[in-house]
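The values are calculated or read from the model by the stated rules, or taken from the named source; none is laboratory data. Keep in mind that what you see is a predicted model, and the values were worked out from it rather than measured. Neighbour counts run over all protein chains shown; Cβ positions are idealised from the backbone, glycine included.
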Amino acid sequence: MNFITKAILFFKESYYELAKVAWLGKREAVATTIVIIFFILIMSLFVSLVDLALGKIIEIIL
């Protein structure tokens, strides 16, 4: 099998596998996106507060 034949076979098999995937509906995708954005905001706030606290501690030490 040469490279072109392998590549064509790969894309055919990939297309076949993607056809079997159960994709999320629009409502589920939006809900999941909102949850992820909320989680990112909470984690950003947490990391910012930890950075601020550690910065103050280093400032006091030095």
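Please go through region 13-31 and pick out each residue that is modelled with pLDDT of 95 or more, of a type outside the set (Asp, Glu) and surrounded by 10 or more Cβ atoms within 10 Å (Cβ to Cβ). Matches in region 13-31: Ser14, Ala29, Val30, Ala31. Is it the case that Ala7 is small (Gly, Ala, Ser) and surrounded by 10 or more Cβ atoms within 10 Å (Cβ to Cβ)? For Ala7, the condition - small (Gly, Ala, Ser) and surrounded by 10 or more Cβ atoms within 10 Å (Cβ to Cβ) - is met.
Scan region 2-27 for residues that are within 23 Å of the chain's Cα centre (by Cα) and among the β-branched types (Val, Ile, Thr) and jot them down. Across region 2-27, the qualifying residue is only Val21.
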